[in-house]
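Read through the structure below, which is laid out as structure tokens, and then see the notes.
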Amino acid sequence: MSELIDRSNGRTLLSKVEFATTFWKRFWGLQFRRELPSGHGIWLSPCSSLHTCFMRFPIDVVMLDERRKIVAVRRNVQPWRLLFCERKTHSVIEVTSADAGWTVGHQVDVIDFDVTDRS
């Protein structure tokens, strides 16, 4: 399991982050899932655009540059949308729309509790 923190203040942003680093894991993402628990997220890398087809709930999309700095946040992205990311985006984190605390300009860090989680 991995946790995501705000590097500037040490605050936990996600208690569990799932990594989607292959084509198929990024493609499937959150499709067909019934929910994404609060405090959980999925990190798609690399990623410059995304879709919310076959999703059952709205999400927030946190866009990160190569240094894991937050460059933009798109809130309440509804199912069946296509989203193009900000120019400097290298990866995105998808979270439940109810989650908050993402600050543009802040850098995030991953704390790994199990390195096999990144498969």
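The table for this structure:
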{"item": "Index of the failed condition, Arg67 passing every other in (1) touching a Pro at 6+ places or on another chain (Cβ under 8 Å); (2) modelled with pLDDT of 95 or more", "result": "(1)"}
{"item": "Matching residues, segment 81-99, being aliphatic (A, V, I, L, M) and either surrounded by 14 or more Cβ atoms within 10 Å (Cβ to Cβ) or part of a strand (DSSP E or B) (or both)", "result": "Leu82, Leu83, Val92, Ile93, Val95"}
{"item": "Strands (runs of 3 or more DSSP E) fully within segment 1-80 counting 1 or more residues that are of a type in the set (Phe, Trp, Tyr) and surrounded by 15 or more Cβ atoms within 10 Å (Cβ to Cβ)", "result": "16-20, 40-44"}
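Condition check ((1) closer than 22 Å to Val110 by Cα; (2) modelled with pLDDT under 95) across all residues:
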site: Asn9; (1), (2): yes, yes
site: Pro37; (1), (2): yes, yes
site: Pro58; (1), (2): no, yes
site: Met63; (1), (2): yes, no
site: Phe84; (1), (2): no, no
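The values are calculated or read from the model by the stated rules, or taken from the named source; none is laboratory data. Only a predicted model underlies this, so the values are computations on that prediction, with no experimental measurement involved. Because the Cβ atoms are built from the backbone with ideal geometry, glycine has one as well, and the counts that use them run over all protein chains shown.
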